[in-house]
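A short write-up of the structure that comes next.
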Amino acid sequence: MQPTRPPSVSRVLETDAARELVAEHGHASAAEAIRAIIATCRAAGEAASPEAIGMQAATLLAGEARSPLRPVWNCTGTILHTNLGRATLSDSAVAAAAAAMRRPIALEYDLAAGGRGSRDDAVADLLRILTGAEASLLVNNNAAAVMLVLATFARGREVIVSRGELIEIGGAFRLPDIMAAAGATLREVGTTNRTHLRDYEAALCEQTALIMKVHSSNFRIEGFTSEVSAAELAPLARRAGVPLVNDLGSGTLLDMAPLGLPREPTVAEAVAEGADIVTFSGDKLLGGPQAGFAIGGADLVARMAGHPMKRAMRLDKIRLAALEATLRDYRRGRDNPTWAAMRRDIGDIAAAAARLAPRLREVLGPGFLVEAVASTCQIGSGAAPTATLPSTALAVTPPEGVSAECLASACRALDEPVIGRLREGRLLLDLRCLASRDEDGFIGAFAGLAFAGS
Ligand SMILES: *Cc1c(COP(=O)(O)O)cnc(C)c1O
């Protein structure tokens, strides 16, 4: 048999297709891709035309040019999906972040006095109004806020925590490990299901630095349970002369009860209950950028601000600008995307499903079945973990010979990946998080759907 030989790299580079690749991706990348395709052909003993090799190189380069951080469509039914970057920001927060990226801002500059200022001052007044706390401090995330509290007040001393609150959150955030890393000694009290005020009382000693209350976040204990509220702990902490820290985790500035969700104390309520320091996240229920808050009495906050670790944990100007705009939205009574998604009426979601089902069926082509079905959403990120909100999803049944897994993986491979969940041989695309203004973009995202091996 006649041995087959693919063309040389320089021969492929002479084609119009390759010239376009060089213009778009640069000579080095284009030549490297062409070389890789030629090597594959040679290994397979195939001869391909220079044009065909140019086209395959174009596909390879287009794939490589796609950012792994490109936007995706969150149809998972989890509003604050930690793996998808939690909260999406309001238009005003995005505009503020963009402006802070393009232009200098008065980050640590007192415009009235014309001299040095402090970066956390930008949101101090807003936070005082929204939470009632005297002072505030901002860090990289809530994990950092908790770490800074412990490092500032409890290094080499004891922190009393209920055994029912020794949580592990996604990744490696385990309360006992955080305590150890901050040099504090964990003093566990009570049992997994029941802790009483007398347990805290009995653990108080010379070595006690803090009493800490931690939101259970991602689990619920039911049945024969009892916990001591922060409101009950506050007088005990005051009598003992040790600060009470309440780590709210998600923390909400607004009451969740009107949404039919279980009551959670708001940040303002946690402050009013008498906690000396309250910590919470920026990108969970607050609906802002990743950030951590430690708010409370001015003396305690000033000690934290003076800790050398604060500098290593501080918020950058981009997120600070976005956070300031997010808090301003609250002040004006405007819902951010997280709250808009949580508040969205089920009738509105069902209407979107009725609009979108025929459009999706059309873009997917023959053989696909698309139906609107009832679904449930969760909030995510450890906020009200067992609560659900009613929703509507598009249920996509693939044609004969294509599995739902294969369909899900093709959706994840799109230029704008669509991420849903599998349910009984169908792909469910929950619509609660799809804003009406994004519907055209969402349908358009499916245009390039292709199945591996077909
Ligand atoms: C989520 C959470 C944290 C960590 O917050 P991040 O902002 O993700 O760092 C800490 N404590 C509790 C109780 C949480 O729920």
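See the values below:
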quantity	calculated
Exposed-loop-free span, longest in the chain, where trypsin sites (Lys or Arg not before Pro) count as exposed if DSSP calls them loop and at most 14 other C-beta atoms lie within 10 Å	335-454
Accessible area of the chain belonging to carbon and sulfur atoms, whole % at 1.4 Å probe	52
C-alpha center-to-center spacing [region 207-261, region 338-378] in angstrom	38
Unit charges on C-beta of K, R, D, E only; dipole of the chain, Debye	520
Only Lys, Arg (+1) and Asp, Glu (-1) charged, at Cβ; region 248-344 dipole about Cα centre in debye	420
Segment ARG332-GLU371, extension gain: residue separation times 0.36 nm, minus the distance between their alpha carbons	10.1 nm
Heavy atoms of GLU51 accessible to a 1.4 Å probe, total area in Å² rounded to 10	90
Residue order for GLU46, GLU24 - accessible surface, 1.4 angstrom probe, largest first	GLU24, GLU46
Scattering profile of the chain at q = 0.06, 0.07 Å⁻¹ [log10 I(q)/I(0), Debye over alpha-carbon scatterers]	-0.37, -0.49
Length added when fully stretched, HIS196-ILE346, from 0.36 nm per residue minus Cα-Cα	49.9 nm
Helix 27-44 vs. the chain, principal-axis angle (Cα, 0 to 90°, nearest 10)	60
PHE451 accessible area, 1.4 Å probe, all protein chains in place, Å² to nearest 10	40
Amide N of region 214-253 lying under 19 Å from the label point, which is placed 7 angstrom from the Cα of ARG174 along Cα→Cβ	214-220
FRET efficiency, 1/(1 + (r/R0)^6) with R0 35 Å, evaluated for GLN207 and ASP255 via beta carbons	0.35
Residue among SER216, PHE293, GLY183 farthest towards the positive dipole end of the chain, charges placed on Cβ	GLY183
Descending semi-axes in Å of region 89-334, equivalent ellipsoid built from Cα gyration tensor	31, 20, 16
Given charges at Cβ of Lys, Arg, Asp, Glu: the chain dipole, positive-most of LEU315, ALA353, PHE173	LEU315
Angle between the chain longest axis and helix 142-153 axis [Cα atoms, degrees, rounded to 10]	30
Accessible area per residue, Å², region 302-432 with all protein chains present, probe 1.4 Å	46
In Å², nearest 10: area of GLU188 left accessible to a 1.4 Å probe	80
Listed residues VAL402, LEU107, MET342: farthest to the positive end of the dipole of the chain (Cβ charges)	LEU107
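The values are calculated or read from the model by the stated rules, or taken from the named source; none is laboratory data. All values reported here derive from a predicted model rather than from experimental measurement. A quick note on method: Cβ atoms are made from the backbone with ideal geometry, for glycine too, and the neighbour counts reach across all protein chains shown. With ligands, DNA and RNA removed, areas are computed over all heavy atoms of the protein, side chains included. Shrake-Rupley method; radii C 1.70, N 1.55, O 1.52, S 1.80 Å.
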